[in-house]
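Q: Let me give you the structure first, and then I'll get to my questions.
The values are calculated or read from the model by the stated rules, or taken from the named source; none is laboratory data. Since this is a predicted model, take the numbers as computed values, not measurements. When we count neighbours, we look across all protein chains shown, and the Cβ atoms used for this are built from the backbone with ideal geometry, even at glycine. SASA here: full protein model, heavy atoms, side chains in, ligands and nucleic acids out. Shrake-Rupley method; radii C 1.70, N 1.55, O 1.52, S 1.80 Å.
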Amino acid sequence: KNEVEQSPQNLTAQEGEFITINCSYSVGISALHWLQQHPGGGIVSLFMLSSGKKKHGRLIATINIQEKHSSLHITASHPRDSAVYICAVRSKTGANSKLTFGKGITLSVRP
Amino acid sequence: EPEVTQTPSHQVTQMGQEVILRCVPISNHLYFYWYRQILGQKVEFLVSFYNNEISEKSEIFDDQFSVERPDGSNFTLKIRSTKLEDSAMYFCASSEGRVETEAFFGQGTRLTVV
């Protein structure tokens, strides 16, 4: 069973700050997903990673497979980035295609 | 851009009643999922569905739950006799492939059992 841990639990930042959110997992994976959840509950996929680094706009996601760790970075943060950021993993073995989720980090960006 | 759609967005039901939550996955996707999120808790896997059958289910997905793809486009989750603890946000998701493919989520159905 894969355990997914996210840190910090809650995060408050000033507009313009560089933000890093971390995720670690316990068992080998085939892919890691970063997701965003806004108040009201809808979930949006930000990135899917199996190695290396991806960038989309102000968001950068990295993964270190050996260390079982991923980070999501937000550059030049903005109040509209305020949301819950969730890390979720797909296990590597067998027919298992489900996602196992972390608890999510609540990010508040103040103007 | 293609999206996963869920209906209704919010449903209130009496304890013991049956509810059906509906989802239309993205049309060329082959793998379908239901997840739920109890208020304040993390998202939990319920069931995955491929090739018209359940491929995996969690311990939450007991005999009160069932899934169906009745007409090749809709994907439904039925709860036969709702309990108070079934109150949660239910998310449908779909993906093209099994492992290294992106998951697309619907906006969720908020189920309130009273």
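Q: Output yes when any residue across region B:61-70 is touching a strand residue (DSSP E or B) at 6+ places or on another chain (Cβ under 8 Å), outside any strand (DSSP E or B) and modelled with pLDDT under 95, and no when none is.
A: Going residue by residue through region B:61-70, those that are touching a strand residue (DSSP E or B) at 6+ places or on another chain (Cβ under 8 Å) are B:61, B:64-70.
Narrowing further to those that are outside any strand (DSSP E or B): B:61, B:64, B:69-70.
When the remaining residues are screened for being modelled with pLDDT under 95, the result is B:69-70.
Checking region B:61-70: at least one residue is touching a strand residue (DSSP E or B) at 6+ places or on another chain (Cβ under 8 Å), outside any strand (DSSP E or B) and modelled with pLDDT under 95.
Q: Right, next: Of everything in region A:57-81 that's at pLDDT 95 or above and within 14 Å of chain B (Cβ to nearest Cβ), which residue is most open to solvent (accessible area, probe 1.4 Å)?
A: Once the filter is applied, the top-ranked residue is A:I63.
Q: Any chance region A:99-108 includes a residue that's more than 12 Å from every other protein chain (Cβ to nearest Cβ) and either part of a strand (DSSP E or B) or hydroxyl-bearing (S, T, Y) (or both)?
A: For region A:99-108, residues more than 12 Å from every other protein chain (Cβ to nearest Cβ) and either part of a strand (DSSP E or B) or hydroxyl-bearing (S, T, Y) (or both): present.
Q: For B:E102, which of the numbered conditions (1) within 10 Å of chain A (Cβ to nearest Cβ); (2) of a type outside the set (S, T, Y); (3) under 16 Å from the mean Cα position of the chain (by Cα) fails to hold?
A: Evaluating B:E102 over (1) within 10 Å of chain A (Cβ to nearest Cβ); (2) of a type outside the set (S, T, Y); (3) under 16 Å from the mean Cα position of the chain (by Cα) leaves (3) as the failure.
Q: Answer yes or no: is there a residue in region B:26-39 that is within 10 Å of chain A (Cβ to nearest Cβ) and either more than 21 Å from A:G40 (Cα to Cα) or without any contact (Cβ under 8 Å) to a residue 40 or more places away in the chain (or both).
A: Looking for residues that are within 10 Å of chain A (Cβ to nearest Cβ) and either more than 21 Å from A:G40 (Cα to Cα) or without any contact (Cβ under 8 Å) to a residue 40 or more places away in the chain (or both), one finds at least one in region B:26-39, hence yes.
Q: Can you tell me how many residues in region B:41-73 are away from chain A (no Cβ under 14 Å) and either of a type in the set (D, E, K, R) or open to solvent by less than 20 Å² (accessible area, probe 1.4 Å) (or both)?
A: The number of residues fulfilling the criteria is 6.
Q: Can you pull out the residues in region B:74-98 that are within 14 Å of chain A (Cβ to nearest Cβ) and within 16 Å of B:I26 (Cβ to Cβ)?
A: B:F91, B:C92, B:A93, B:S94, B:S95, B:E96, B:G97, B:R98, listed by residue number.
Q: Considering only region A:25-53, state which residues are part of a loop (DSSP other than H, G, I, E, B) and more than 12 Å from B:F104 (Cα to Cα). Full working, then the answer.
A: Residues of region A:25-53 that are part of a loop (DSSP other than H, G, I, E, B), as a first pass: A:26-28, A:38-42, A:50-51.
Once the filter is applied, which keeps residues that are part of a loop (DSSP other than H, G, I, E, B) and more than 12 Å from B:F104 (Cα to Cα), region A:25-53 yields A:S26, A:V27, A:G28, A:H38, A:P39, A:G40, A:G41, A:S50, A:S51.
Q: A follow-up question, please. Only one of these conditions is not met by A:S30: (1) within 11 Å of chain B (Cβ to nearest Cβ); (2) at pLDDT 95 or above; (3) over 30 Å from B:H10 (Cβ atoms). Which number is it?
A: Answer for A:S30: the failing condition is (2).
Q: Here's something else I'd like to know. If you take the residues of region B:1-59 that are within 19 Å of A:G102 (Cβ to Cβ) and part of a loop (DSSP other than H, G, I, E, B), which of them is farthest from the chain's Cα centre (by Cα)?
A: Result: B:G40.
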